[in-house]
Amino acid sequence: MQAARCCILKAPMAALEMPESAGQRAAAHKRMPLVLALAAQVLGGILVFGTAFVITRITAWPLPLITLLVIHGGIAALLGRRMGLANWWMPIQAAFPFCVAAALTWQVPSWVYLVVFVGLVLVFWNSARGGVPLYLTNTRTKAALAALLPKEANFRFADLGCGLGGPVLSLSRVRPDGYFTGFETAPALFLMAWLRRRLSGGANIEIIFSDFWSQNLGEFDVVYCFLSPVPMPALFEKARLQMKPGSLLVSNSFEVPGTPADDILEVDDARNTKLHLWRM
Ligand SMILES: C[S@@+](CC[C@H](N)C(=O)[O-])C[C@H]1O[C@@H](n2cnc3c(N)ncnc32)[C@H](O)[C@@H]1O
């Protein structure tokens, strides 16, 4: 490991495509997104239904429920965004009050709740267990990652927790001379990444259903992660022990407390992504 030195680099803009998730929000989802989403709903509900209650008491004019649900959803979406939730949470937040109202109004069969619950568990498998939620690397960040890959052929790249497989799939197209491996344990995400890999036909990609903690990082030249603050200290220790000299650890957004990155690459995207780079 080189002595700690840090400078901030700007990601090259060439070969950038349109941002796919302009609103992925700041790194610092130090709190769980589900908790933030719920907090935004509760606050929005108190605000809207509390105000409606007061207005109705004063004017004796009952506000239509549909109007309240629209306002509640809108406020919850904006509050969630303000609290740091990614853009893709906004439609979920906006629709949530309607879903709750529909579930209370209509006789929704109980198996529907079970199916929705199981679906959420299969996607957000690692949120409760490992403190790692789901958000995806955007297109500009993938382009910045491409510029970090070794110039020589036959290098190996790993994405620890590959989600839907976006980074490995797109990098494997840019660099057919390298080998790309994604590890994932959320069953639904693994399945989707695996299917995308099959459909892409890329011969230089593997999607492996495996906990990355059980993997030896020593065989990779570049290890990428986009996780959360929770696993970073232990992950850095694992990387320090296992990664070979000269290899590169890249953490999207999340620092390692007490171990400043050797370099920080700033990506010119809506969420001001920072790639923290440690050269082993
Ligand atoms: C924030 S997402 C990033 C997804 C993808 N790397 C990307 O950047 O688009 C983190 C992913 O890591 C997965 N994950 C978390 N802990 C894991 C573990 N111990 N082993 C494998 N995957 C894990 C989660 O299920 C989630 O899909």
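Brief remarks on what is shown
- 35 Å tail of the calculated P(r), the chain, as % of Cα pairs: 26 percent
- Choice from C99, C225, C162 showing the highest fluctuation, given a GNM over the chain with Cα pairs closer than 10 Å: C99
- In the elastic network of the chain, a GNM with C-alpha springs shorter than 10 Å, the most mobile of G202, G119, G258 is G258.
- Within the range 157-173: backbone nitrogen closer than 16 Å to the A203 label point (7 Å, Cα to C-beta): 172-173
- Neighbour-limited loop hits for trypsin sites (Lys or Arg not before Pro), the range 139-169 (at most 13 other Cβ within 10 Å; DSSP other than H, G, I, E, B): K151
- Chymotrypsin sites (Phe, Trp or Tyr not before Pro) within the range 43-144, DSSP loop, no more than 12 other Cβ atoms inside 10 Å: W106
- Cα pair distances of the range 152-277 binned at 5 Å [whole percent]: 2, 11, 20, 23, 22, 15, 6, 1, 0
- DSSP loop GluC sites (Glu not before Pro) with at most 16 other Cβ within 10 Å excluded, longest remaining stretch of the chain: 21-151
- The range 204-280 pair-distance distribution - Cα-Cα, 5 Å bins, rounded %: 3, 15, 26, 25, 18, 10, 3, 0
- The Rg/Rh ratio of the range 33-130, with Rg taken over Cα atoms and Rh as the Kirkwood radius over Cα pairs, comes to 1.04.
- Label-point gap, in nm, between V121 and W106 - each point 7 angstrom along Cα→Cβ: 2.5 nm
Throughout, read-outs are computed from the coordinates displayed, never taken from laboratory work. Source: prediction; values computed, not measured. Cβ atoms come from the backbone with ideal geometry, glycine included; neighbour counts cover every protein chain shown.
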